[in-house]
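Enquirer: To start, I am sharing the structure in question, which I have written as structure tokens.
The values are calculated or read from the model by the stated rules, or taken from the named source; none is laboratory data. Note that the structure is predicted; figures quoted are calculated from it, not measured. Reconstructed Cβ throughout: ideal geometry from the backbone, glycine too, with neighbour counts over all protein chains shown.
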Amino acid sequence: MYIGNLSKQTGASRKAIYLYEELGLIPTPRRQGTYRVYAPEVVGIVETIRCAQALGFTLKELAEALQSVPGRPQPSLDDLVEQIDRKRRALQAQIYAATTRIERLDELRQRLADAPSLWVCEKTVDSAPRGKP
């Protein structure tokens, strides 16, 4: 199939498909004259890439996860599962950090509610009316 058809079926732009090819995320298509002709199974690969991106994977992470090891034409399932687990741990750390910040914001809000005078500025000597001792 041509790139336009691949783009329509997957929702990926032509530019994205070229980038996936450049990064080795999809196999280099065969050529028919000046046209790239993609195999039907590339549709599933592009859909998986887009799904992974929606879940927070960068293209760089995907390229690293999908890199072939010498003597092995494709990454193992264990390699992919490890990459997913790494992403989960990173997200869990972000959730923990955000939850901690929310708790600290709640504490600050409560302290301010308990002591609203912290926001009131006292009048200084300079604020006395001029001309009167």
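Enquirer: Tell me the residue from E47, E21, E61 that is modelled with pLDDT under 90, of a type in the set (D, E, K, R) and either under 30 Å from G4 (Cα atoms) or touching a Gly at 6+ places or on another chain (Cβ under 6 Å) (or both), please. I'd like the intermediate steps shown before the answer.
Expert: Numbers: E47 fails: modelled with pLDDT under 90; E21 fails: modelled with pLDDT under 90.
None of the other options fit; the residue is E61.
Enquirer: Among (1) modelled with pLDDT under 95; (2) under 15 Å from Y2 (Cα atoms), where does D79 come up short?
Expert: If we test D79 against (1) modelled with pLDDT under 95; (2) under 15 Å from Y2 (Cα atoms), just (2) comes out false.
Enquirer: Considering only residues that are at pLDDT below 95 and among the β-branched types (V, I, T), look in the stretch 29-42 and name the one that is surrounded by the most Cβ atoms within 10 Å (Cβ to Cβ).
Expert: V42
Enquirer: Then there is this: Taking into account only those residues within the stretch 27-59 that are of a type in the set (A, V, I, L, M) and not in a helix (DSSP H, G or I), which is farthest from the chain's Cα centre (by Cα)?
Expert: Just the residues of the stretch 27-59 that are of a type in the set (A, V, I, L, M), to begin with: 37, 39, 42-43, 45-46, 49, 52, 54-55, 59.
Right, trim to not in a helix (DSSP H, G or I) and you get 37, 39, 55.
Values: V37: 30, A39: 28, L55: 7 Å.
Across the stretch 27-59, the extreme among qualifying residues is V37.
Enquirer: How many of the residues in the stretch 8-28 are free of Cβ contacts under 8 Å to residues at least 40 places away in the same chain and either outside the structural domain of E47 (by TED's automatic domain parsing) or surrounded by 17 or more Cβ atoms within 10 Å (Cβ to Cβ) (or both)? It would help to see each step written out before you state the result.
Expert: So the first thing to find is which residues in the stretch 8-28 are free of Cβ contacts under 8 Å to residues at least 40 places away in the same chain, and the list is 8-9, 11-18, 20-22, 26-28.
The next check asks that each one be either outside the structural domain of E47 (by TED's automatic domain parsing) or surrounded by 17 or more Cβ atoms within 10 Å (Cβ to Cβ) (or both); those that pass are 12, 16-17, 20-21, 26.
Residues meeting the conditions: 6.
Enquirer: Still on this model: Just wondering, is there one or more residues in the stretch 85-95 that are of a type outside the set (S, T, Y), modelled with pLDDT of 95 or more and assigned to a strand (DSSP E or B)?
Expert: no
Enquirer: Take V81 and tell me if it is within 23 Å of the chain's Cα centre (by Cα) and of a type outside the set (K, R).
Expert: Details: within 23 Å of the chain's Cα centre (by Cα): yes; of a type outside the set (K, R): yes.
In short, yes.
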